[in-house]
1. Loop by DSSP (not H, G, I, E, B), at most 10 other beta-carbon atoms within 10 Å: where is the longest site-free stretch of the chain for GluC sites (Glu not before Pro)?
2. Amide H of residue 68 versus every other amide H placed in the peptide plane: which residues, excluding those fewer than 5 positions away on the same chain, fall under 5 Å?
3. Nothing charged except the Cβ atoms of Lys and Arg (+1) and of Asp and Glu (-1): what's the magnitude of the dipole of the range 71-146 about its Cα centre? Round to the nearest 20 debye.
4. Size of the dipole of the chain about the Cα centre, Lys and Arg at +1 and Asp and Glu at -1 on the beta carbon, nothing else charged, in debye to 20?
5. Tally Lys/Arg at +1 and Asp/Glu at -1 over every other residue whose Cβ is under 12 Å from the Cβ of residue 109; what's the total?
6. Summing -39500 (n - 2.57) over the DSSP H runs of n ≥ 4 in the chain and dividing by its residue number, what mean residue ellipticity at 222 nm do you reach, to the nearest 500 deg cm²/dmol?
7. Find which of 124, 46, 103 sits farthest along the positive direction of the dipole of the chain, computed with +1 on the beta-carbon of Lys and Arg, -1 on that of Asp and Glu, about the Cα centre.
8. Excluding residues fewer than 8 places away in the same chain, name every one of the aspartates and glutamates whose C-alpha is closer than 20 Å to that of residue 29.
Amino acid sequence: MTDMKRIVLSSDHAAIELRRAVAEHVASKGWEVVDIGPETPESTHYPIHGKAAAERVASGDCALGIILCGTGQGIMMAANKVNGVRCGVCSDPFSARMIRQHNNANILSLGARVVGEGLALDIVDAFLSAEFEGGRHATRVDMIEG
Ligand code: RB5
């Protein structure tokens, strides 16, 4: 994992408030937050925002990403279409830790209609504090890439 502490955030309209809470929290932990919106609550399309965040990570502009929609599922599916991105939806801190340690996930997806703010921030902390273990997990992660 890089030492770069720069993280991209995006969401659709269903998760703007939780995204803002996550942005503030992550910034308070010393991360440079690149929040690519959206800023207004009009209905929008999660694939646009998932792809935009995923491209920031895949290009190396940001080390990690956190993306959010109502369930976390649709935006995760969009992000995972970008080569080099490994994104998982998490509703518990254990899974968030494991997708870093075993799957080398570089994007966390959250469902704003699934988890409340307190739990979401615990999930974020678990994701950000975990490290990829490599070894046999690296062999498996390499097999994911096309
Ligand atoms: C928007 O209503 C909703 O479908 C979206 O936020 C997300 O849950 C899709 O996976």
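1. Formally, the longest exposed-site-free interval is 43-130.
2. 10, 11, 12, 110
3. With Lys and Arg at +1 and Asp and Glu at -1, about 240 debye.
4. Working: 14 positive and 18 negative charges, 70 e Å.
The dipole of the chain has a size of about 340 debye.
5. +1
6. Computed ellipticity for the chain at 222 nm equals -13000 deg cm²/dmol.
7. Of the listed residues, the answer is 103.
8. 3, 17, 61, 92, 117, 122, 125, 131
No value in this document is a laboratory result; all are computed from the given coordinates. Quantities reported herein were computed from a predicted structural model and do not represent experimental measurements. Positions of Cβ are backbone-derived with ideal geometry, glycine not excepted, and every protein chain shown enters the neighbour counts.
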